[in-house]
Amino acid sequence: MANRIQTLLGVDYPVVQAPMTYIARAELAAAVSDAGGLGMIETLTPEGRTDLLRVRDLTDKPVAANLMIQGWKSDPSIVDTLAAAGVRHVFTSAGHPGLFTARLHDAGMTVAHVVGSLKGALKAVDAGVDALVVEGVEGGGFKSLLGASTVVLLPLIADHVDLPIIAAGGMCDARSAAAALVLGAEGVQMGTRMLASLESAVHANFKNAIVEADDSGTVLLAVPGNPTMRVLRTGMATRDAADAGLLGEVTRLYFDGDMEASVANTGQVSSRIAELLPVADIVQRTWKEIETALAAARSRTGM
């Protein structure tokens, strides 16, 4: 029997690829969707918007788009771009969900909004979104210094809302997915785990740095003039990075492998990623092995 996330998104496995700017492109999204999960394409770059159409040559499965609200709040034409590409599912983030939810619904799209607090979740519910992505502070990318971890935030929000929830931050396998289900989620979103996949387009240096990271391998970086970010404790993040423009050369890091060029947005879960895997293995094993993880947990109760 399908749960609410599977039904809403039309997927076999409610395992969603995170909307990583520059990285969430057609090939990776198609691989995730072909594996039975939900791939996602970013829309901040022209290349990403082009891939909304190009991905249809790679898969006939559902593929979502990310709409970073801060980047589009003065240009609602992005909704027309999404509609023209046949997008059915949109994950909104980084801004007030009320700015786009009604427009997206009018265009026939479902809307999931990314939240990092109970206040943000309640605001998204009031805006009429169809689902929430609840992301704890251990996730990679932009964060709040005051944010709560997924293990705290997820059950807190689940106790206050009646929408289907996708858990993000710390998700990488069946064990973390099983924990997310117990805490109130019906699906998981993965960023760092998908970065460290065979199909990810990022340079081997970045992938290897993820695999080699230990449990102190990331840091919340708060530099004036830049958003707070969780990044690998490497390169620029290990030095006095008081100069602005941390992300200015990020594509050199991502695709040329220059780990000194910028900061590497990565979640704490990097410490649990021991090898590069095909996307299909990541997606399918995450969901199919949940019952094994839950059975192991039950055996530890002594009941």
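The values are calculated or read from the model by the stated rules, or taken from the named source; none is laboratory data. Predicted model, so just to flag it, every value in this text is computed and none were measured. All Cβ positions, glycine included, derive from the backbone under ideal geometry; neighbour counts span all protein chains shown. To get the accessible areas, we keep the full protein, side chains included, count just its heavy atoms, and leave off ligands, DNA and RNA. Shrake-Rupley method; radii C 1.70, N 1.55, O 1.52, S 1.80 Å.
For the range 1-25, give me each residue that is within 21 Å of Cys172 (Cα to Cα), among the aliphatic types (A, V, I, L, M) and in contact with a strand residue (DSSP E or B) (Cβ under 7 Å, 6 or more places away or on another chain).
Ile5, Leu9, Val11, Val15, Val16, Ala18, Ala24
Based on what the data block shows, is Leu58 in contact (Cβ under 8 Å) with a residue 12 or more places away in the chain, open to solvent by less than 10 Å² (accessible area, probe 1.4 Å) and assigned by the TED database to the domain that holds Val115?
no
Can you pull out the strands (runs of 3 or more DSSP E) entirely within the range 103-214 that have at least 1 residues that are more than 30 Å from Pro278 (Cα to Cα)?
none
List every residue pair whose Cβ atoms lie under 8 Å apart, where the two residues are 6 or more positions apart in sequence or sit on different chains, the first residue falls within the range 126-151 and is assigned by the TED database to the domain that holds Ile23, and the second residue, located anywhere, is charged (D, E, K, R) and in a strand (DSSP E or B).
Val137/Arg230; Glu138/Arg230; Gly139/Arg230; Gly140/Arg230; Gly141/Arg230; Lys143/Arg230; Thr150/Glu135
Looking for whichever is touching a helix residue (DSSP H, G or I) at 6+ places or on another chain (Cβ under 9 Å), open to solvent by 10 Å² or more (accessible area, probe 1.4 Å) and in the same structural domain as Ala84 (by the TED database) here; the options are Ala31, Ala35. Which one fits?
Exactly one of Ala31, Ala35 is touching a helix residue (DSSP H, G or I) at 6+ places or on another chain (Cβ under 9 Å), open to solvent by 10 Å² or more (accessible area, probe 1.4 Å) and in the same structural domain as Ala84 (by the TED database), namely Ala31.
Please pick out the residue among Ser176, Ser197 that is touching a Pro at 6+ places or on another chain (Cβ under 8 Å), in the same structural domain as Thr150 (by the TED database), at pLDDT 85 or above and of a type in the set (Ser, Thr, Tyr).
Ser197
Got a number for residues in the range 1-38 being among the polar types (S, T, N, Q) and either in contact with a Cys (Cβ under 6 Å, 6 or more places away or on another chain) or more than 22 Å from Leu277 (Cβ to Cβ) (or both)?
4
Could you check how many residues of the range 217-258 are open to solvent by 30 Å² or more (accessible area, probe 1.4 Å), more than 18 Å from Gly191 (Cβ to Cβ) and at pLDDT 85 or above?
Qualifying residue count for the region: 3.
Pull up the range 15-50, narrow it to residues that are of a type in the set (Gly, Ala, Ser) and over 12 Å from Lys61 (Cβ atoms), then point me to the one that is nearest to the chain's Cα centre (by Cα).
The selected residue is Ala18.
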